[in-house]
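A.B. asks: Take a look at the following structure, please.
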Amino acid sequence: MRKIMALVAAVSLGAPQGAWAAIGCTLSNPAQDLKYLFPEMTSYKEELKEFHSLKNGKELFKNLKERLGSDLDPIYETYETPYTLYSVYKGKAKVGIVHGVNVPGKGGVIQVFLSTDPDSAAIRRFFFQRLESPAAKALREKTFRAQFEGMTLADFYKHDYYAAVEPGAQADKVGRIAPPKLDASGQPDYDASLRGIRKNLILLDLFVYGQRFEPFFEKAQKAMSAGKR
C-alpha cells in the first residue's frame, strides 16, 4: 500500500486533567481503515474535538443532550469526552468525513462509526468497530446497515415529528427501517446502535455542519410539545 500522508492535530498540554480520563473513540488503524472506506484517498487529516475547548462548549454540550433525547452516559458521554474527526482527501478535494462514538451496550461498549458526505452530511456508510453482543452477527449484516445510507440528521428529527403527528407515515425513513431478526437479548444493543447513529450525526452537526438541521429539530419539538398538551 502506498504511503498515506496524515496530518495529526496536536493535543493541548493545557487540557483539563479530567480530559485524560475521558474515553474517546478512534479508528484502530486510521490509514488502512480510511483507505478501505475511500479507495480514492490520497491523504487525511485527524482533528480532536472537545466541548471544553470550543466556543460556547457548555451550550453545545447541553444541545447534545437535548437533541439525543436521553440521559448521557457518565463514562462515555461526559463534558470532557474527546472526539476524533477524520477528514479524507483526494488531492485537495475533501471527499469524506469519518467519525465514531462510544455507546453503552448490553455486552459492553459499542463503537459506531459513520462516513459522511462532506457537502450533504448524508451517511455514506455505517459500521461497527467494536460490538460485543449476542446480536452482533445480525447487526453487522450489510442489508441492515445499508438502510441508513443516504440518511441525514434531518431524517431522525423527522422521525420524532412523525411519531408525534402521524405514526407510521410512509415519509418516515427511520420509522421504516427493517430491524434484523433479534430475540429479546439482542434488542437492547439494537436500540443502542440506533442511538449511536443519532448521537454521531448530532455531534457532526455540532462540530462540522454548523447545526444546519436545527429547523427540523425545532419543528419536531413543537409537534411533540403540542402532543403532550
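A.B. asks: Would you pick out the residues in the stretch 56-79 that are in a helix (DSSP H, G or I) and either touching a strand residue (DSSP E or B) at 6+ places or on another chain (Cβ under 9 Å) or not aromatic (Phe, Trp, Tyr) (or both)?
C.D. replies: Taking the stretch 56-79 and keeping what is in a helix (DSSP H, G or I), we get 57-68.
Correct list: GLY57, LYS58, GLU59, LEU60, LYS62, ASN63, LEU64, LYS65, GLU66, ARG67, LEU68.
A.B. asks: When the stretch 13-46 is examined, which residues are found to be in contact with a strand residue (DSSP E or B) (Cβ under 9 Å, 6 or more places away or on another chain) and either at pLDDT below 85 or part of a loop (DSSP other than H, G, I, E, B) (or both)?
C.D. replies: ILE23, GLY24, CYS25, THR26, LEU27, SER28, PHE38, GLU40, MET41, THR42
A.B. asks: Then there is this: Looking for something of a type in the set (A, V, I, L, M, F, W, C), at pLDDT below 95, crowded, with 17+ Cβ neighbours inside 10 Å and in a strand (DSSP E or B) - is there at least one such residue anywhere in the stretch 99-112?
C.D. replies: The initial filter retains those residues of the stretch 99-112 that are of a type in the set (A, V, I, L, M, F, W, C), namely 101, 103, 109-110, 112.
Add one more test, that the residue is at pLDDT below 95, and what stays is 109.
Subsequent filtering for residues that are crowded, with 17+ Cβ neighbours inside 10 Å retains 109.
Subsequent filtering for residues that are in a strand (DSSP E or B) retains 109.
Yes, there is a match, as at least one residue in the stretch 99-112 is of a type in the set (A, V, I, L, M, F, W, C), at pLDDT below 95, crowded, with 17+ Cβ neighbours inside 10 Å and in a strand (DSSP E or B).
A.B. asks: Picking from LYS173, LYS137, which residue would you name as being under 20 Å from ALA122 (Cα atoms) and either buried (at least 21 other Cβ atoms within 10 Å of the Cβ) or of a type in the set (D, E, K, R) (or both)?
C.D. replies: Sole residue among the options that is under 20 Å from ALA122 (Cα atoms) and either buried (at least 21 other Cβ atoms within 10 Å of the Cβ) or of a type in the set (D, E, K, R) (or both): LYS173.
A.B. asks: If ALA146 passes every condition in (1) under 15 Å from LEU114 (Cβ atoms); (2) touching a residue at least 12 places away in the same chain (Cβ under 8 Å) but one, which one does it miss?
C.D. replies: Every condition holds for ALA146 apart from (2).
A.B. asks: Okay, next question. Working carefully through the options LYS181, LYS199, LYS219, find the one that is surrounded by fewer than 19 Cβ atoms within 10 Å (Cβ to Cβ), closer than 20 Å to SER133 by Cα and in contact (Cβ under 8 Å) with a residue 40 or more places away in the chain.
C.D. replies: Being surrounded by fewer than 19 Cβ atoms within 10 Å (Cβ to Cβ), closer than 20 Å to SER133 by Cα and in contact (Cβ under 8 Å) with a residue 40 or more places away in the chain holds for just one of LYS181, LYS199, LYS219, which is LYS181.
A.B. asks: Let me ask something additional. Could you say which residue among ALA93, ALA121 is under 13 Å from the mean Cα position of the chain (by Cα) and not hydroxyl-bearing (Ser, Thr, Tyr)?
C.D. replies: Only one candidate passes the filter, namely ALA121.
The values are calculated or read from the model by the stated rules, or taken from the named source; none is laboratory data. All values reported here derive from a predicted model rather than from experimental measurement. Because the Cβ atoms are built from the backbone with ideal geometry, glycine has one as well, and the counts that use them run over all protein chains shown.
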